Amino acid sequence: MVALSALAGEGPTSLIQAGGWFLEKAWIIPALPAISFVLILFFGKRMKYKGAEFGIISIAVAFIFAICCVGQWIGQVNNADSYTEKQQYHDEEKHSDKAAHEGILNEEIQRTSFNELGVASSEEIVVSALAEEKDGYSSVGIKPVIERFTWWESGGRSFQVGIMVDGLAVMMLFVVTAISLLVHIYSTEYVAGDRRYTHYFAFLSLFSASMLFFVLSENILQTIVGWELVGVCSFALIGHWWEEKPNSDAALKAFLTNRVGDMGLLVGMIVLFWSAGSWSIVDINNAAINNEIGQSTLLIASLCLTAAVMSKSGQFILHTWLPDAMAGPTPVSALIHAATMVVAGIYMVARLYGVFFEGFDIAGSSFNVLALVGSVTLVGAGLLAFVQDDIKKVLAYSTVSQLGYMVMALGVGAWTAAVFHLFTHAFFKAGLFLGAGSVSHSVHSFDMKKSMGGMRKFMPTTYKTFIVCTIALMGLPPLAGFWSKDEILVGTGGWGLFGGTGGNGTYVFALVMGIIGAALTCAYMTRVIYLTFFGEFRGDTHGHGDPHESGKRITIPLVILAVMATGAGFLNFPVGFLTGSKAGWQERFGHYVEPVATYFPPIAHGTPSWSLAIFSTVVAIIGVSAAGYYFFVKVNAQSPAATELTNGLTEKSKVAKAGHTLLKQKYYLDHLYTDIIANGTKGPVADATYWTNQKGIDEAVNQVGKQTARAATFVYEKIDQNMVDGVVNLSGKASEGLGETTRTIIQRGKIHQYAAIMFAATTILAGLLIVFV
Amino acid sequence: MVAQNVFFGIMALIMICAALKVVRTKNVVHAALWLVVVLGGVAGQFLLLGAEFVGVTQVLVYIGAVVVLLLFGVMLTKASLGEEADLNMPNRTLPAIIAALMFGVMTYALIDTFRDTELPRESVTNAATVSDSIFADYIVPFEAVSVLLLAALIGAVVVARKE
Amino acid sequence: MEYDNNWLLSLMVFLPLIGAAVVMLIPKAQEELVKAVALGTTLVTAALGVFMLFDFDYGKSGDLQYVVDKEWINVINSRYILGVDGMSLPLIALTLLIVPLCLVYTFGHFPEPRNPKAILALILILETGMIGTFASQDLILFFVFFEVVLLPMFFMIAVWGGDDRRYASLKFFLYTMFGSALMLVSFLALYFLADGSIVGDQANTFSIVSLSEGASLGISRSAQLWIFAGMFVGFGVKVPMFPFHTWLPDAHTQAPTVGSVILAAVLLKLGTYGFIRIAIPMLPEAASAWAPFIGLLAVIGIIYGALGCLAQRDMKRLIAFSSVAHMGFVMLGISTLTDFGINAAIFGMVAHGLITGMLFFIAGSMKDRYHTLDMGRLGGLLVSAPRLGWILGFSAMASLGLPGLAGFWGEFPAILASYNPASILPESTFRGYMVVAALGTVLAAGYLLWMLQKTAMGNPKEEFADNEEITDVKKHEWIAWAPILALILLFGLYPRPIFTTTDDAVVKSLTVDIQGEEIENCLEVEGADLGKECFANVRETAESMKE
Amino acid sequence: MLLVQFLLLSSVLFCIGIYGVLARKNGVMVLMSIELILNAVNINLVAFGTMTNNIAGEVFALFVIAIAAAEVGVGLAIVLLIFRNRSSVDLSSIDSMKG
């Protein structure tokens, strides 16, 4: 730790308590869509717009709240900044007497937090060290706003529910509410007239509520709850058209694959809870960072949680559900399976970064599971995107690939880059999905080869926004993707070639994969663009005339997202990239989002490098050009309606053919999961168990019963009747004649006789008793 | 003391005779009336034993109710008020022997056991003691008896009513 | 508690019995009256329960309340002791809730052969038995009520059951009888071996309170192990634990709907309740020795039950097997011997009662509509009867342990507790169990969603496509189900009421004090060897305290 | 007074009752004989109660009286039923319990 701190040049900084009405009342944000869910459920069908109005109003208000939160948070950070400057002044004045200085500092901070920030927090304010230089800024850390109350108590432990609002949470609140609002608006046209229109909006609301709940989790228990709830909403929305079996299969697959990961989540969280003795995210991070938890425990927890990330965020090898999840309505894919829910894994890692940072020893090593999983996913999914004909599936694999970027970034210690990529990706990928939805809305299909082509003529707005978002995704400057991708590449660490990127460790592998991934992204997106918007229209409109542009409620969200995709990248404009100055508009995103607090590990920040930026841009351009040459020149020359070369590489080379087949079969992972694992469990294993049950245990029970009965029969027939009774029978046989006569005499059904016998017998017995006793 | 013993002797004699009459007479109505005598005698014995309340109840319930009920039974079964021939079993020796045997056994046992046991003198119990006991210690059996009576009532009605 | 309230429990226990008697007396022809009396009785009983829920002193939920202690069978020092504490209160409340709902449900769906009078009377007798078991604080009394439950259930299956009812009912009866026989032997052994003079004046006692407060501490280790084994079989059969579970699928499948519901919702809890009320507090040493084994059987049950579910074609049988898996979680919680785990187990019992009861209700309603529960033939319930389909989905989600619904708080804390069992238990073993149990949650999702897909999703099969009989949820079904659904949601969102109620009682059941003097809690000793020593010390202390 | 004199009286009555039950075949007469038996028992109860100075004897005698009343009621009802079905109360002709 000491060495790391020295290396990173950072330590825990001073903390002041943030506050503010909106931040403290942030629980209202998830509550709004939750209320909307209930309202839609009970009154939706009776409303004029079939419940959509509840959803839209609630999420719009939530969005406004989220913006207010963002504003307040920025205000808080700025306050802290101004305080820092003051403190530096003190520092210069009183450097001679450090102890006294600290005392004053303490007092000062108390006063600051109470008076200037207007926060009445009874919690002790921790001042562990002086504020330090950080990326050219001096700053004082801000304690997140934590509001909580006891949810339940058991075994002497209290379980809280509450909110934890800091920069990261505020950022996510903004992203989720913004995209959700746009998707709501978009959906009113996209799913208009659907057989379950009201249900659709109900689940959109429930999803938004769950996701916001997850984002605001104060503790990991809440994280689990939110995590599972978004999962179930995803299940319901993927299976929205459950009449068709493939859809319900996809929903089931999504849920079950996620459950596999959830096993890791449960175990990992349980390990963390018991080793840290608390559910609170802050406490757990603190414990991890301060070495209160053993490294091996942290490693186990991190590995388990990585499994959860792999399933939720679609990382190899648990990614297979995500492309199938495209069976759901497109706006759902945009919201859940591109922008918000699938980044839950990223968000969780970012939240518990202390655990992962220490568990994987991110700062000190050059290889770890997160980085490996991320980079393999990044390239593996990128390759898969090439062979898909369904536009949504391409985008899905692209999402998987981009999520790989984020996971890789977290793995290499580039926390801010990962979160920033999450932020930018949400906009351009949502834009792409909604654009794809817009196209399919008009051609009634997702198949690029059969139903699209030349769409730019019919749908100019969709086309333009789609192009903008694509460029953002490709990571070409100056659109959003470029900045976030570049930061990730920088974060992978110093590779001598590009000068001092100064990351945590030296993740050469990740850097190489990142660059390959960038090229792949460019290439397959070029393919999508060509197949969809260029060439000749190959579809059949079933006599509806030419495809036409979608309505306002679809295009306006597209335009907004395209604008965001263009501009979002500048929020984290690298320091010293162009001007070299410390001007106040650079790295704003990192400044406001990245926690400067004891619960956050001392990550290092890479220094941007011109050479790397240029190199990656060149690679991207090569990717675009290669694919562009293939499609725009060669394929187009063959025929405007062609979708691939007739005598392409796969025809010529057996290796290429094999590779193509491997990709077409999605690395055979689906076969492994569906045919071998799932059907194996459901088929042979379950049947064998049941057979054991019926033929083994149950049969044993039955046999015990039968044998007892048989033994009883044996005892009765053989022993009782033959042996014991045999003796009796001997006399019995002799007296049978007598008995028969007696029977006819005595057993005549006469009550008097019976009574006489009874009394006589009693008398005789009594007499015997007297005589013999 | 002697007076009591004499009284007991007379009463016992009357009771035994009356009881024999009950089981021997050929007139059903007479039998019922002789039964009254026996029951009255029993009530007298109760008084002699100091159980006033039981004695009074005996008179009320038995003589007042049971016998009347029995008479009703006699009339409803259309028994003739005079002598009736077909009242007894053809074979009465066996019952007599059984009864005699039983009497012998019991007499022997009783005398053998309680030969000289004297009854306490001052042992008159009044109604208050009895009722205290019934409603405190024996409340459960009391309730059970009440339920039984109710059940018998309903049962009798059910059995005897005309369909 | 200023006023005298010891009548409350007795009234609650015996009111249904009186109701049953009255129902029997009413002529068959007056069906409405029969229904009214039966429902009225349960509602009055439930009202008493509501009163108790409000009147109960939650601050002292560790102590027995509403205690009535009267002489009963003096010859064997068995007394009529009823009492309720935080551990039994939720279960009593569950019983009081489920029974009226079952009645309401039956009113619309009387099973064949239709004999309302008899079936209602049986249900009422069952209620007496169930409440009595949860309330009794004397082993013999407990045993009597435990057995009282058996007969009505037997008749319910044997008379109103499915095609194979004879076999199922006899199996149920004999199996449970076998278990109770061993249980009774254990009770008698406790009676003769335990020395009540450690805590009270009577040497031999059946009182649960005195036995669990130290009277049984003097029993030698080997004897304790045997006694516990007997109880283990007795309660384990009822739970049912693997490998004593085979009566359950048959009984459930053959039983009429209300029978299944009561069986799943309450009867299974009698077994687990026995563990936490009797077996563990009385014989902590034996419990600690048996716990790893119980835990093992529990996790086997979890996986095994899940796999069993996946092999089913009959929906009701699937739900029945899922009970094996869910009760595995409950038993896992119990086997940790921590207050945390046992709290989770009690929550799990209540949650399982609500959720699986609900699933059986739905299965019954589907059977009434489709006349089959073969999942190969079902499908498209969401199309034919959308509300019923959604309720099925909701219940399936609750059953697979979705957070926000009650099932989660039974399952998750049980897994959580098994990471950190009582110190005397082998930690690593239980951590292994934890992982297996977590795997069980995956399988649970698998079979429940598979069932949901098979029955609810897709389009209806041709044979049922335009079937008039397949109607949506009917009025009486709404009445019967709405409270359960609401509670599943309520406890899912806010589990605190149950946990707070049970906590003190559970803590008390795990601590040992003799004559109010707390002695060392051997469950918190590190490792089994030290534990043995500790228990030996306790035995000596107990010997010295004898009068 | 001696205890045994009461007991003997009661046993005499009891045996006469037994005789009556066995020797009579008219249902009503059998019931009367049963009354004799019950009264014999009552004397016993009260006598023993007096001897041990225990109120229980009397209390149970009372209960027996009550039960006897009930018994007579039900018994007569049965006899009436028999009479109605067979126009006779001859118990010797009833042999439906024949084995």
Does any residue of the stretch C:481-504 turn out to be closer than 22 Å to A:Glu243 by Cβ and either surrounded by fewer than 15 Cβ atoms within 10 Å (Cβ to Cβ) or more than 9 Å from chain A (Cβ to nearest Cβ) (or both)? no
Within the bounds of the stretch A:182-200, is there any residue that is part of a helix (DSSP H, G or I), modelled with pLDDT of 90 or more, buried (at least 22 other Cβ atoms within 10 Å of the Cβ) and polar (S, T, N, Q)? no
Among the candidates A:Gly277, A:Gly328, residue that is surrounded by 24 or more Cβ atoms within 10 Å (Cβ to Cβ) and not hydrophobic (A, V, I, L, M, F, W, C): A:Gly328
Filter the stretch C:464-503 down to the residues that are aliphatic (A, V, I, L, M) and part of a helix (DSSP H, G or I) and list them by number. C:Ile479, C:Ala480, C:Ala482, C:Ile484, C:Leu485, C:Ala486, C:Leu487, C:Ile488, C:Leu489, C:Leu490, C:Leu493, C:Ile498
Give me the pairs: first residue in the stretch A:664-687 and without any contact (Cβ under 8 Å) to a residue 12 or more places away in the chain, second residue not in a helix (DSSP H, G or I), beta-carbon distance under 6 Å, and six or more apart or on different chains, which are they? A:Ala686/C:Ala311; A:Asp687/C:Ala311
Condition first: within 12 Å of another protein chain (Cβ to nearest Cβ), in a helix (DSSP H, G or I), touching a strand residue (DSSP E or B) at 6+ places or on another chain (Cβ under 6 Å) and under 30 Å from C:Val99 (Cα atoms). Can you find one or more residues in the stretch C:440-449 that meet it? no
For the stretch C:517-536, state whether one or more residues are more than 14 Å from chain A (Cβ to nearest Cβ), touching a residue at least 12 places away in the same chain (Cβ under 8 Å) and touching a Gly at 6+ places or on another chain (Cβ under 6 Å). yes
In the stretch C:316-348, what count of residues is obtained for those that are part of a helix (DSSP H, G or I) and over 30 Å from C:Leu378 (Cβ atoms)? 14
Filter the stretch D:3-55 down to the residues that are surrounded by fewer than 21 Cβ atoms within 10 Å (Cβ to Cβ), more than 7 Å from chain B (Cβ to nearest Cβ) and among the β-branched types (Val, Ile, Thr) and list them by number. D:Ile34, D:Ile37, D:Val41, D:Thr52
Test C:Phe361 against the criterion of being modelled with pLDDT of 85 or more, buried (at least 23 other Cβ atoms within 10 Å of the Cβ) and of a type in the set (Phe, Trp, Tyr), and give yes or no. yes
Evaluate the following for A:Ile220: is it within 14 Å of another protein chain (Cβ to nearest Cβ) and either without any contact (Cβ under 8 Å) to a residue 12 or more places away in the chain or crowded, with 23+ Cβ neighbours inside 10 Å (or both)? yes
Just a yes or no: is a residue in the stretch C:407-418 among the hydroxyl-bearing types (Ser, Thr, Tyr), more than 20 Å from the chain's Cα centre (by Cα) and within 11 Å of chain A (Cβ to nearest Cβ)? yes
On the basis of being surrounded by fewer than 19 Cβ atoms within 10 Å (Cβ to Cβ) and over 25 Å from B:Phe7 (Cα atoms), does D:Arg86 make the cut? yes
D:Ile94 - would you say it is buried (at least 18 other Cβ atoms within 10 Å of the Cβ), without any contact (Cβ under 8 Å) to a residue 24 or more places away in the chain and within 14 Å of chain A (Cβ to nearest Cβ)? yes
Could you check the stretch A:584-622 and list, in sequence order, the residues that are part of a helix (DSSP H, G or I), of a type in the set (Phe, Trp, Tyr) and over 30 Å from A:Ala287 (Cα atoms)? A:Trp610, A:Phe615
Would you pick out the residues in the stretch C:451-464 that are more than 7 Å from chain A (Cβ to nearest Cβ) and not basic (Lys, Arg)? C:Met451, C:Leu452, C:Thr455, C:Ala456, C:Pro460, C:Glu462, C:Glu463, C:Phe464
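The rows are residues; the columns are (1) of a type in the set (Lys, Arg); (2) within 30 Å of C:Leu217 (Cβ to Cβ).
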{"residue": "C:Lys474", "(1), (2)": "yes, no"}
{"residue": "C:Ile484", "(1), (2)": "no, no"}
{"residue": "C:Phe491", "(1), (2)": "no, no"}
{"residue": "C:Thr500", "(1), (2)": "no, yes"}
{"residue": "C:Val507", "(1), (2)": "no, yes"}
{"residue": "C:Ile514", "(1), (2)": "no, yes"}
Inside the stretch C:427-479, can you point out the residues that are buried (at least 20 other Cβ atoms within 10 Å of the Cβ) and touching a Pro at 6+ places or on another chain (Cβ under 7 Å)? C:Phe430
One residue is enough: does the stretch C:207-226 have a residue meeting the conditions in contact (Cβ under 8 Å) with a residue 40 or more places away in the chain, closer than 24 Å to C:Leu425 by Cβ, in contact with a Ser or Thr (Cβ under 8 Å, 6 or more places away or on another chain) and within 14 Å of another protein chain (Cβ to nearest Cβ)? no
Quick one: in the stretch B:116-135, which of the residues that are outside any helix (DSSP H, G or I) and more than 7 Å from chain D (Cβ to nearest Cβ) is modelled with the lowest pLDDT? B:Glu122
How many residues are surrounded by fewer than 24 Cβ atoms within 10 Å (Cβ to Cβ), closer than 24 Å to D:Leu7 by Cβ and hydrophobic (A, V, I, L, M, F, W, C) when one looks only at the stretch B:8-38? 13
Does C:Asn467 qualify as being within 14 Å of another protein chain (Cβ to nearest Cβ), in contact (Cβ under 8 Å) with a residue 40 or more places away in the chain and of a type in the set (S, T, N, Q)? no
Hey, any hits in the stretch D:56-73 for a residue that's more than 30 Å from B:Glu118 (Cα to Cα), more than 7 Å from every other protein chain (Cβ to nearest Cβ) and over 18 Å from the mean Cα position of the chain (by Cα)? no
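The values are calculated or read from the model by the stated rules, or taken from the named source; none is laboratory data. Because the structure is a prediction, the values reported are computed rather than measured. Ideal geometry is used to build each Cβ from the backbone, glycine not excepted, and the neighbour counts take in all protein chains shown.
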